[in-house]
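Asker: Got a structure here, written out as structure tokens. Questions coming.
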Amino acid sequence: MPLDTSAYSLALLRVDGRRWNELRRIHAQIRTQAAADGSSYLEMGHTKVMCVVTGPSEPGPRRGTAGAGAAGASKAVAEVAVSVVVAGFSSVDRKKRGRNDKRNLELQSTIANALAASLHTHLFPHSVIQVSLHVLSQDGSLLAALINAATLACVDAGIPMTDYVVACTAGSTSTYAAGDESADPLLDLNHQEEQELPGLTVATLGESDRVAVLVCESRVQVGRLEGMLAVGVDGCKQVREILDRVVRDKGKRMVLEGTVAKGEGLEDMDLD
Amino acid sequence: MASLKRSVGSDPLAANISSKVYVRSTKSGKVQKIVREVYLRQDIPCSSKLCQSCLKVTPRDAAGRQIPFVLSEAPAGTSVFPQGHYLVPDTNAFLSAMDLFEQSSAFYDVIVLQIVLEELRNRSLPLYNRLVGLTKSEDKRFYVFFNEFRLETHVAREEGESVNDRNDRAVRRAVAWYGEHLARTKAKKGPAVVMLTNDRDNLRKAKLEGIHACSLAEYVKQLKDGDRLLDMIPDTEDRDAIKEKRPNELLYPEYLTMSKMMTGVKSGLLHQGTFNVSPYNYLEGSIRVPAFPKSLIILGRENINRAVDGDLVVVEVLPRDQWKEPSTKVIEEQAITRNENPDAEGDDAVSERERKALQEEAKRTQSKTTEGHAQPTAKVVGVIKRNWRQYVGHIDQSSVIQSAQQGQKQDTVFIIPMDKKIPKIRLRTRQVAELLGKRILVTIDAWDRGSRHPVGHFIRSLGELETKAAETEALLLEYDVQYRPFPKTVLDCLPKEGHDWKVPESIDDPGWRGREDLRGLLICSIDPIGCQDIDDALHCRPLPNGNIEVGVHIADVSHFVKPNNAMDTEASVRGTTVYLVDKRIDMLPMLLGTDLCSLKPYVERYAFSVLWELTPDADIASMRFTKSVIKSREAFSYEQAQLRVDDISQQDELTSSIRALMALSKKLRQKRMDAGALSLSSPEVKIQMESETSDPIDVKTKEHLDTMSLVEEFMLLANISVARKIYEAFPQTAILRRHGAPPKTNFDELANQLRVKRGFELSIESSRALADSLDTCVDPNEPFFNTLIRVMATRCMMAAEYFCSGTQAYPEFRHYGLACEIYTHFTSPIRRYADLVAHRQLAAAIEYEAVGPGVRSRGRLEAVCKNINIRHRNAQMAGRASIAYYVGQALRGKTTEEDGFIMKIFSNGFVVLVPSFGIESLIRLRDLAEPEPEATFDAENYVLAMSGSKDLKVELFQKVRVKVMDRKDVTTGKRGVKMEFVKAY
């Protein structure tokens, strides 16, 4: 069995050989399902998720009765409905999660709120944007991966949005109880680090410093929070670069293949 | 349809990513396959000061700091590598000879590979922690090289290759890389990189690949003081030879496999517990398991099956016809196996003499088994975890072959450990002549089925037997007391002003924040003579409403020791100050303990005060807690204070306040006694030392003064008040102290003895009942009898322990001995870590400071409690052992006659307690007369009647006259008190 996270101080190397400020390998693809309105597949290390976006479309008959109180509000803007399905084989132990699993519900509402902040939902009154997320493999930073995949799929679906919503996690090299003053912040936690160290998930709107999501479920000294947040926001910028490259590459390829025509104003875009 | 497949070439990072796949099984028996990412990189430095290229790529942490390079540019050489060398040991080198690496004479510039560190962690956590400690010490120059993360040294497991072979290959690969890498530096003759391994196959492959490699023994021989170090390498070849032995030459039964034991324990057929050896009979052990109310006994070498005191073992209960009674006979290892030959191996596990001793035992028990005295007896079938540590001992003179004393040949000798419960250890050494008559530190390496005694190796010599330095160090090592001087990092945490530190004059200073000014109160402290670390001080003054204000002021240690700094960590490891007769091993550096924190008289000091308003009947009307500044008016000794109180001519304010405190304390004590507090006893003595040479000259029993109980009562009151407060504030994480009610069975023996011998009934339903029935056990002719019973009752009690309030239900908080619901330690923060934690919790509870993680984290507190419980017990035992040693020294060359009492009786001897020296000793029948008198032992009535060479009848609780002298045992080399029987009263 490999060493645990306490070995960091020996050579400033994390359990998987990264430095404190390095992301894991991110691999992403969009338009993975031709039949869907928008789709994406994203890997952050061994965390693998896929996303399918349907809509904006008319709400189905079943959905109308659900929220009577919020009905007035949801008519003016499109509703973002997120469903997260965690595959039984995604983690080491096969675990069955119920439909109304509390963690799952929280994931869904967090992602829905984050997307709603960036999507121009006011353009689509009386409609629903259905975001279906599937977790194929889990190795930490699940929420961040889900948000990133959902953003990509929304881009693919062509839903107008202000900017990418990009997320990543940040942590700290020593536990809360160790109370180590000189703890380094960490970027992009994997599963083992998530288990052993304090961490948070942060999502920002594109390259700006505007934080769209901030979730911290572990105990951490308030003094370390600022450093962690700074590292997290910086990570989000790196993630945006990567996602943006994925979108542009795909676009280029589609233009080259002739699937779509080159858009107006893009005549001078370099396709090589 | 879009495809999700991608080609390997499309990913620029693919070459740098590998994965680590391994299989692990969980506690519940599930098997999991874990896949982890591994990012390979090229910016992991070699950390050699010779290397320029690595300097450019050294990593920085978030604050931009670099880790300085570790390995020296001019490492030491050996006879084979005169140009200097770096060492790369493999896992087994560390596993078998960690002590070697901790030597200060050699083993510098060591490269610890990540793979080695990982393997070591899996095999032995303590060794891993020691190695990590070594890598952090600056002067040893140990560098951890993360070979698994460096692109060039990462090795993927090949098909059909075992994990061990793969790891060996990884080590060789790293050594080769280091060699190539260093060759590229500008140094003309770079240091050699030498792999250390004891694996023959690995050595052979290394030679083939052209890598420098040595076995541990080969390497050590190249060093200057090689012969000395050579003893510290365990004999692996020896063990290989044993493996090849035929099965009928094996002495002990084989252990069951781990999985077999686990399933056995789960199904309830086998039992798991900690193995304890009886202090009187080394062939008898006992084990407490949850399934039985009384402990199981384990008799005989074969049943004990290589378990050593403290090991976590699995036992199987023997069939009923093999059940035995616990032995009533004293069997000492030294006496029975005195003339064993350490070189001879093959005979039976049970030697002729042992067999004889056992046979007699068996005969006796056989005749009685029908009466149902036999107890469930078990045998050890496996060891879950060895609890071996380093043992202090000395060479058994009789095991040394005379001719060998001069030669440099390796000899096998026996080590007799100081701890009687540990078996003799077989040791091979080249320095018999040098080590003879010295206290030495050894460790056990293994205990094979083919060897009667465990095999160990030598670590270091502490000095001549019986010299004060060696004996004190031996004692400290044996009880695991941290006695090294405080490291610099700890001393750096002290206030910069040093001894000139003063309470700031200006009230606006941040030090005064939230503190009450109590400098005007008439505060004084009462402590033993010569006490330098004054923890507590008291005051009392009448209030206008007729009530009395009483204050207990405790040194404010938490002001100086901030949580989680180096000093706090060191204190939490030490746990307590250890008091030996001539020495004090402090928990906190001297500056704090005896000066800045100590509530010395006439100077201002920070304190943490508990203030009560007590009614004249000593009921609490109100109380409060506050941080304060005080100025003690006087530091009394108990004796001085007592004289002052007794002297009616002294009518000053201070004296009358002590008198008022005295009156209150008596009322408080009465209340406690009414509630059922026990007054227990242990024979305590004081050693008088000659002031200049600090040689002991006399032994005196401790006197009890009223002023002692005065201080004690108010400290108890403070502790109880604080316990309530912190429990109220932190119901889950308050640090408390409990004393469990002793199980009824603990008193069976004593109650039976009292009933049979004296007709007293001991009732143990509650502490109250016990206290009352102990009061009735009085012999009008013998005032000491009651104390004797109390001493024996104390030994039946459970030990009090620290715990974290979230781990127990409220009724379990009870302190049995003090008969109070809740209790903690608050009043001695200079010498106990628990008190320091309680201070922090109380400070947080009264909102003086923020709630720190140390106060809030339950897991952390549990770990702290566990450690300080062990430290506390060790400190007590070390203190007692120190007193025992000095009693022996004080008696040296003297012979006195004293009165004693028989407190335990065996079929071949009895134990006598001499109260005036606080010592007990065994008198064997064979010491009474020559030849050994015939004796009949009446176990029911605790009477031993002798006939033949000596006509005598002794019984339990009898008063006897004994001659006390000191004597050096020829075989054990131990100086001890010896008693000789004079007459019975």
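The values are calculated or read from the model by the stated rules, or taken from the named source; none is laboratory data. As the structure is a prediction and not an experimental result, all values here were calculated from the model. Positions of Cβ are generated from backbone atoms using ideal geometry, with glycine treated the same way; all protein chains shown enter the neighbour counts.
Asker: Considering each residue of segment B:139-165, count those that are part of a loop (DSSP other than H, G, I, E, B) and touching a residue at least 60 places away in the same chain (Cβ under 8 Å), and give that number. Don't jump to the end; show me each part of the working.
Answerer: Quick first cut of segment B:139-165, residues part of a loop (DSSP other than H, G, I, E, B) only: B:139-141, B:146, B:151-162.
So of that shortlist, the ones also touching a residue at least 60 places away in the same chain (Cβ under 8 Å) come out as B:141, B:146, B:151-152, B:154, B:156.
Going through segment B:139-165 one residue at a time, the tally reaches 6.
Asker: I want to confirm something. Restricting to segment A:28-46 and keeping residues that are surrounded by fewer than 18 Cβ atoms within 10 Å (Cβ to Cβ) and more than 7 Å from every other protein chain (Cβ to nearest Cβ), which single residue is nearest to A:Tyr164 (Cα to Cα)? Even if it seems obvious, please write down each step before you answer.
Answerer: From segment A:28-46, those surrounded by fewer than 18 Cβ atoms within 10 Å (Cβ to Cβ) are A:34-36; that's our starting set.
Remaining after also requiring more than 7 Å from every other protein chain (Cβ to nearest Cβ): A:35-36.
Details: A:Ala35: 23, A:Ala36: 20 Å.
Once the filter is applied, the top-ranked residue is A:Ala36.
So that you can scan it fast, the table gives a plain yes or no per residue for (1) in a helix (DSSP H, G or I); (2) buried (at least 21 other Cβ atoms within 10 Å of the Cβ); (3) within 14 Å of chain A (Cβ to nearest Cβ):
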site: B:Lys866; (1), (2), (3): yes, no, no
site: B:Ala884; (1), (2), (3): yes, no, no
site: B:Ile905; (1), (2), (3): no, yes, no
site: B:Val911; (1), (2), (3): no, no, no
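Asker: If you don't mind, there's one more thing I want to ask. With respect to B:Thr467, determine if the residue is touching a residue at least 24 places away in the same chain (Cβ under 8 Å), polar (S, T, N, Q) and not assigned by TED's automatic domain parsing to the domain that holds B:Asp568.
Answerer: When the stated conditions are applied, B:Thr467 does not pass them.
Asker: Considering each of B:Val578, B:Val573 in turn, give the residue that is in contact (Cβ under 8 Å) with a residue 60 or more places away in the chain, surrounded by fewer than 15 Cβ atoms within 10 Å (Cβ to Cβ) and under 23 Å from B:Gln876 (Cα atoms).
Answerer: Of B:Val578, B:Val573, the one residue that is in contact (Cβ under 8 Å) with a residue 60 or more places away in the chain, surrounded by fewer than 15 Cβ atoms within 10 Å (Cβ to Cβ) and under 23 Å from B:Gln876 (Cα atoms) is B:Val573.
Asker: Next question. In segment A:166-180, is there at least one residue being of a type in the set (Asp, Glu) and without any contact (Cβ under 8 Å) to a residue 40 or more places away in the chain?
Answerer: yes
Asker: Read through the list (1) outside the structural domain of B:Asp533 (by TED's automatic domain parsing); (2) more than 30 Å from B:Cys531 (Cα to Cα); (3) of a type in the set (S, T, N, Q), then give the number of the only condition that B:Ser857 fails.
Answerer: Of (1) outside the structural domain of B:Asp533 (by TED's automatic domain parsing); (2) more than 30 Å from B:Cys531 (Cα to Cα); (3) of a type in the set (S, T, N, Q), only one is false for B:Ser857: (1).
Asker: Show the residue pairs meeting these rules: Cβ distance below 7 Å; 6+ apart or different chains; first residue within segment A:249-263 and under 18 Å from A:Leu152 (Cβ atoms); second residue part of a loop (DSSP other than H, G, I, E, B).
Answerer: A:Lys250/A:Arg31; A:Lys252/A:Leu271; A:Met254/A:Val260
Asker: Inside segment B:890-903, can you point out the residues that are more than 21 Å from B:Lys953 (Cβ to Cβ) and either crowded, with 19+ Cβ neighbours inside 10 Å or without any contact (Cβ under 8 Å) to a residue 60 or more places away in the chain (or both)?
Answerer: Result: B:Ala890, B:Leu891.
Asker: Please return the ranges of strands (runs of 3 or more DSSP E) entirely within segment B:474-579 where 1 or more residues are under 22 Å from B:Met590 (Cβ atoms).
Answerer: Working: elements: B:515-517, B:523-527, B:536-542, B:548-555.
By residue number, B:523-527, B:536-542, B:548-555.
Asker: Can you pull out the residues in segment B:621-658 that are of a type in the set (A, V, I, L, M, F, W, C), surrounded by 14 or more Cβ atoms within 10 Å (Cβ to Cβ) and part of a strand (DSSP E or B)?
Answerer: Passing the criteria: B:Met623, B:Phe625, B:Val629, B:Ile630, B:Ala635, B:Phe636.
Asker: If you check B:Lys502 against the conditions, is it touching a residue at least 12 places away in the same chain (Cβ under 8 Å), more than 28 Å from B:Val308 (Cβ to Cβ) and surrounded by 15 or more Cβ atoms within 10 Å (Cβ to Cβ)?
Answerer: no
Asker: B:Asp533 passes all but one of (1) touching a Lys or Arg at 6+ places or on another chain (Cβ under 7 Å); (2) assigned by TED's automatic domain parsing to the domain that holds B:Ile585; (3) farther than 21 Å from B:Leu599 by Cβ; which number fails?
Answerer: The one condition B:Asp533 does not meet is (3).
Asker: Identify the single condition in (1) within 14 Å of chain A (Cβ to nearest Cβ); (2) surrounded by fewer than 23 Cβ atoms within 10 Å (Cβ to Cβ) that B:Val855 does not satisfy, given that it satisfies every other one.
Answerer: Among (1) within 14 Å of chain A (Cβ to nearest Cβ); (2) surrounded by fewer than 23 Cβ atoms within 10 Å (Cβ to Cβ), the lone unmet condition for B:Val855 is (2).
Asker: Taking the condition crowded, with 16+ Cβ neighbours inside 10 Å and free of Cβ contacts under 8 Å to residues at least 24 places away in the same chain, does B:Asp411 pass?
Answerer: Values: crowded, with 16+ Cβ neighbours inside 10 Å: yes; free of Cβ contacts under 8 Å to residues at least 24 places away in the same chain: yes.
Judged against the criteria, B:Asp411 is a match.
Asker: Another question about this same structure. For B:Arg184, state whether it is over 18 Å from B:Val110 (Cβ atoms), touching a residue at least 60 places away in the same chain (Cβ under 8 Å) and in contact with a Ser or Thr (Cβ under 8 Å, 6 or more places away or on another chain).
Answerer: In short, yes.
Asker: May I ask you to list the residues in segment A:153-179 that are within 14 Å of chain B (Cβ to nearest Cβ) and either outside any loop (DSSP other than H, G, I, E, B) or of a type in the set (Phe, Trp, Tyr) (or both)?
Answerer: A:Ala153, A:Asp156, A:Ala170, A:Gly171, A:Ser172, A:Tyr176
Asker: I need the full set of residues from segment A:6-23 which are more than 7 Å from every other protein chain (Cβ to nearest Cβ), within 22 Å of A:Cys236 (Cα to Cα) and not hydrophobic (A, V, I, L, M, F, W, C), in order please.
Answerer: A:Arg14, A:Asn21, A:Glu22, listed by residue number.
Asker: Taking segment B:676-710 as the search range and keeping residues that are modelled with pLDDT of 85 or more and either of a type in the set (A, V, I, L, M) or in the same structural domain as B:Leu913 (by TED's automatic domain parsing) (or both), which one is farthest from B:Val791 (Cα to Cα)?
Answerer: B:Leu710
Asker: Can you tell me which of (1) more than 19 Å from B:Val855 (Cα to Cα); (2) in contact with a Leu (Cβ under 9 Å, 6 or more places away or on another chain) is the one B:Val557 doesn't meet?
Answerer: B:Val557 satisfies all of (1) more than 19 Å from B:Val855 (Cα to Cα); (2) in contact with a Leu (Cβ under 9 Å, 6 or more places away or on another chain) except (1).
Asker: Can you list residue pairs whose Cβ atoms sit under 8 Å apart, with the first residue in segment B:772-793 being within 14 Å of B:Met903 (Cβ to Cβ) and charged (D, E, K, R) and the second being in a strand (DSSP E or B) and at pLDDT 85 or above? Count only pairs 6 or more apart in sequence or on different chains.
Answerer: B:Glu782/B:Lys959
Asker: Hey, can you tell me all the residues within segment B:142-159 that are within 12 Å of another protein chain (Cβ to nearest Cβ) and not hydroxyl-bearing (Ser, Thr, Tyr)?
Answerer: If the condition is that a residue be within 12 Å of another protein chain (Cβ to nearest Cβ) and not hydroxyl-bearing (Ser, Thr, Tyr), then B:Phe142, B:Val144, B:Phe145, B:Phe146, B:Asn147, B:Glu148, B:Phe149, B:Arg150, B:Leu151, B:His154 are the ones that fit.
Asker: From the list B:Thr896, B:Thr824, pick out the single residue that is in a strand (DSSP E or B) and of a type in the set (Ser, Thr, Tyr). Write out each step before concluding.
Answerer: On the way: B:Thr824 fails: in a strand (DSSP E or B).
Just one listed residue meets the conditions, B:Thr896.
Asker: Among the numbered conditions (1) of a type in the set (Gly, Ala, Ser); (2) closer than 27 Å to B:Glu847 by Cβ; (3) under 30 Å from the mean Cα position of the chain (by Cα), tell me where B:Ala741 comes up short.
Answerer: B:Ala741 satisfies every listed condition except (2).
Asker: Kindly provide the set of residues from segment B:63-91 that are within 14 Å of chain A (Cβ to nearest Cβ), surrounded by fewer than 19 Cβ atoms within 10 Å (Cβ to Cβ) and hydrophobic (A, V, I, L, M, F, W, C), ordered by number.
Answerer: Of everything in segment B:63-91, those that are within 14 Å of chain A (Cβ to nearest Cβ), surrounded by fewer than 19 Cβ atoms within 10 Å (Cβ to Cβ) and hydrophobic (A, V, I, L, M, F, W, C) turn out to be B:Ala63, B:Ile67.
Asker: Checking A:Val202 against (1) over 12 Å from A:Arg14 (Cβ atoms); (2) surrounded by fewer than 24 Cβ atoms within 10 Å (Cβ to Cβ), which single condition isn't satisfied?
Answerer: Unmet condition: (2).
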